[in-house]
Protein chains: 6
Amino acid sequence: MSAKRYKAHLSRRYMISASHRLHNDDLSELQNDTLYGKCNNPFGHGHNYMVEVTVSGPVNPESGMLCNLSDLDAFVRAEIGERFDHQNLNLLPQFAKLVPTTENLCIAIYEILKRGFNSAHLEKVRIEETMMNSFEYAGE
Amino acid sequence: MSAKRYKAHLSRRYMISASHRLHNDDLSELQNDTLYGKCNNPFGHGHNYMVEVTVSGPVNPESGMLCNLSDLDAFVRAEIGERFDHQNLNLLPQFAKLVPTTENLCIAIYEILKRGFNSAHLEKVRIEETMMNSFEYAGE
Amino acid sequence: MSAKRYKAHLSRRYMISASHRLHNDDLSELQNDTLYGKCNNPFGHGHNYMVEVTVSGPVNPESGMLCNLSDLDAFVRAEIGERFDHQNLNLLPQFAKLVPTTENLCIAIYEILKRGFNSAHLEKVRIEETMMNSFEYAGE
Amino acid sequence: MSAKRYKAHLSRRYMISASHRLHNDDLSELQNDTLYGKCNNPFGHGHNYMVEVTVSGPVNPESGMLCNLSDLDAFVRAEIGERFDHQNLNLLPQFAKLVPTTENLCIAIYEILKRGFNSAHLEKVRIEETMMNSFEYAGE
Amino acid sequence: MSAKRYKAHLSRRYMISASHRLHNDDLSELQNDTLYGKCNNPFGHGHNYMVEVTVSGPVNPESGMLCNLSDLDAFVRAEIGERFDHQNLNLLPQFAKLVPTTENLCIAIYEILKRGFNSAHLEKVRIEETMMNSFEYAGE
Amino acid sequence: MSAKRYKAHLSRRYMISASHRLHNDDLSELQNDTLYGKCNNPFGHGHNYMVEVTVSGPVNPESGMLCNLSDLDAFVRAEIGERFDHQNLNLLPQFAKLVPTTENLCIAIYEILKRGFNSAHLEKVRIEETMMNSFEYAGE
């Protein structure tokens, strides 16, 4: 096994607690209510989002690692945790013109990682909104 | 086993998504920040609360049940779900004068069940705020 | 992010409790026993099946959603839950000529969704039979 | 820590898959339907039961153990697994005159352990019927 | 609810990865092998231990908390994490004369917390060694 | 559904407890410390590895199965469990010249299955090192 470079995947989970309200200002009250139901209540509600980041790359024969977890952790802490954890998503610049659904949160986190994390290839971002629902975005 | 009545426990889980902000108006900004850290951010954040209700009682020899789950479900849906699910806890009457910590949410849910649910003896209410934290209240 | 349409995946979990017996009438008793072991006992046994449905599609820029969960829930409740939940699988028309293994249950559920659910593209159906086994079918 | 004997608890989980039908022959069809709902369907349904056995006792200063897990495993395999796993509970002698609810299964397993397992003190038996429901019996 | 003080419980989970070998120098090779089986292999093996600490106390009416999680986290990080995480338990002073079973690890962690953590009443320490086994110690 | 052959996937989980030390003899002490942090401590530490094996193939119309789980279990027990469970990975021949990271353990297990298990097509091996990290290898 020593000389070849094997391509593997690594997935790491991060927890974010945040609140949101699903509401689109361009729609009527009735349309918002029909579309989002109780997720449209004006005062918001919240979730523990489990964000799973998957990266891929060759396993380095010297270190036996595809990417140092401490690099990924440092990036996610600074760029994702600082932005989204313990926040009201509706008030963040990412969601100024975008409804903060978990689909859109997933895309927003993917794009931050895609632009800034270079130690391995980003494969996808998956978010569990509750233990019964999850969303995934893998780029275009 | 037919004639005796065996006392057993039943625990049932319910999911509630809600937002809250930990803040006490009687304290200074600095005190609030010291006490609650990022949970004090003015715009709130949220959780999926897993609420586990435990009741006890003799197993009815005829039905083999200690309490009909559909009775418990109906009570919790009407009295707990309607009040707390998809809400901003800070805006509810239960938390008008009380910081909506998970400790206090646990006590509030326990007291609603204690007063209104009579089909079995209420033992305790346990809430998992995240997969790493939980709180429990079993009455006085 | 406003104008583009991002393709995402949504997975949603549903619980079904059912019983089955693994047995093929065309095989001898010995062959059935060799093939299915204790799953062949004549009186059946049961499982909590966790059925995870994955659909994909563009995220609607207006709603921020790829598909309304309430549409998926309504379809699954009516077409999957009503048919399979709290049933003995061996007695259902789907398994009149088919052994009700979890592989075949997975295919049967996939085909019902494929024919009838049109609000998003069906990607796959995954069933956890126990916490140690799962099966997945993604069409031909 | 060497001379004292510390009393600790050990809990071990076992998986059982079985089917059952909730039905009491002494009640009318309507009464059975009212009481058990879809759990009364004549052809049964099934569950993966997670059976958690808790025992207690002093930690042996020489072995550092309160009870050898292999003794507990052997007893449970022979006395619980053989009787209940991959069975239709309604057809077992334990449930000849008893509705096979999870409450009654819990009591039946507790009593088998109480009578036959002597390597540690039996504290309780807890059964998760689904990830949302559990039952517990701790003796009289 | 404002004036009374409600006693609640808080449980918090911490992960520790460590290796150990179950072996007692006072016993013969055969006795060690009989007692510990494959856990006696001379080169050790390891676990992710999930350590759950439960404390209790009155809920402070001003803060709504029974104990600040950041105090508990700081204590556990300094006194438990530093000592046991990513270690070979057999080489630690706590286990110089004691077999590093999970029972004994549980007692050792309980005693460190009991002596040093004063912000709430220590109720118990529970350790999941694997998802099928757990141990608990609640003091004498 | 009777005549066609549907291709499905089956995933099965196995638990392995082992210890390892991340260390590369070709690097300096400082380089090892920088690269592996506390995973480099000289005495090792350990994990419960959850190894998930995914195979695929047509569902046999007669048996309704894609592969008999008992064949897969027997192979994994003999070839994977015997080699890796309750071992110190650093001392095994597989890791004589290779750092026993979870990436490399994943590749080693994949290659053993690929060479020796012929009852279905091997798709991938995924290992959860902790509940927050996992690694996956699907061949070249």
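The values are calculated or read from the model by the stated rules, or taken from the named source; none is laboratory data. A quick note: this is a predicted structure, and the numbers were derived from the prediction, not measured. Counting neighbours? That spans all protein chains shown, and the Cβs are built from the backbone with ideal geometry, glycine included.
Tallying residues that are crowded, with 16+ Cβ neighbours inside 10 Å and more than 8 Å from every other protein chain (Cβ to nearest Cβ) within segment D:15-35 yields 4. For segment E:116-135, residues that are more than 13 Å from chain D (Cβ to nearest Cβ), touching a Phe, Trp or Tyr at 6+ places or on another chain (Cβ under 9 Å) and not in a loop (DSSP other than H, G, I, E, B) total 2.
Of the residues contained in segment F:46-56, one or more are found to be acidic (Asp, Glu), under 30 Å from C:ALA108 (Cβ atoms) and surrounded by 16 or more Cβ atoms within 10 Å (Cβ to Cβ). The set of residues from segment A:70-90 being at pLDDT 95 or above and in a loop (DSSP other than H, G, I, E, B) is empty.
Hey, can you tell me all the residues within segment E:44-91 that are more than 15 Å from the chain's Cα centre (by Cα) and acidic (Asp, Glu)? Scanning segment E:44-91 gives E:GLU62, E:ASP71.
Residues in segment B:91-102 that are within 15 Å of B:ILE16 (Cα to Cα) and not in a loop (DSSP other than H, G, I, E, B): 1 in all. The set of residues in segment E:37-72 being more than 10 Å from chain F (Cβ to nearest Cβ) and under 25 Å from F:GLN87 (Cα atoms) consists of E:VAL51 alone. Considering the conditions (1) surrounded by fewer than 22 Cβ atoms within 10 Å (Cβ to Cβ); (2) within 7 Å of another protein chain (Cβ to nearest Cβ); (3) in contact (Cβ under 8 Å) with a residue 24 or more places away in the chain; (4) over 29 Å from F:GLY37 (Cα atoms), A:ASN90 is excluded by exactly one of them, (2).
One line per residue, one yes/no per condition, for (1) assigned to a loop (DSSP other than H, G, I, E, B); (2) closer than 16 Å to B:ALA18 by Cβ; (3) touching a residue at least 60 places away in the same chain (Cβ under 8 Å):
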| site | (1), (2), (3) |
| --- | --- |
| A:HIS9 | no, no, yes |
| A:SER17 | no, yes, yes |
| A:HIS23 | yes, no, yes |
| A:ASP26 | yes, no, no |
| A:LYS38 | no, yes, no |
| A:PRO42 | yes, yes, no |
| A:ASN48 | no, yes, no |
| A:VAL51 | no, no, yes |
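Filtered by the rule that a residue be surrounded by fewer than 21 Cβ atoms within 10 Å (Cβ to Cβ) and at pLDDT 95 or above, segment D:96-112 gives D:GLU111, D:ILE112. In this structure, does B:VAL99 turn out to be among the β-branched types (Val, Ile, Thr) and farther than 24 Å from D:THR130 by Cα? Considered against the rule, which asks whether it is among the β-branched types (Val, Ile, Thr) and farther than 24 Å from D:THR130 by Cα, B:VAL99 comes out as yes.
Looking at the structure I just gave you, is E:GLU129 surrounded by fewer than 17 Cβ atoms within 10 Å (Cβ to Cβ) and either in contact with a His (Cβ under 8 Å, 6 or more places away or on another chain) or among the acidic types (Asp, Glu) (or both)? No.
Screening segment F:2-14 for residues that are surrounded by fewer than 17 Cβ atoms within 10 Å (Cβ to Cβ) and either away from chain E (no Cβ under 13 Å) or farther than 20 Å from F:PHE135 by Cα (or both) and picking the one that is nearest to the chain's Cα centre (by Cα) gives F:LYS7.
The requirement of being in contact (Cβ under 8 Å) with a residue 12 or more places away in the chain and assigned to a loop (DSSP other than H, G, I, E, B) is satisfied by E:CYS67. The set of residues in segment F:92-129 being over 14 Å from the mean Cα position of the chain (by Cα) and aliphatic (A, V, I, L, M) consists of F:LEU92, F:ALA96, F:LEU98, F:VAL99, F:ALA120.
Table: residues versus (1) among the charged types (D, E, K, R); (2) touching a residue at least 12 places away in the same chain (Cβ under 8 Å); (3) in contact with a Gly (Cβ under 8 Å, 6 or more places away or on another chain); (4) facing another protein chain (nearest Cβ under 10 Å).
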residue	(1), (2), (3), (4)
E:ALA74	no, no, no, no
E:ASP85	yes, yes, no, yes
E:LYS97	yes, no, no, yes
E:LEU105	no, yes, no, yes
E:ILE109	no, yes, no, no
E:LYS114	yes, yes, yes, no
E:GLU140	yes, no, no, yes
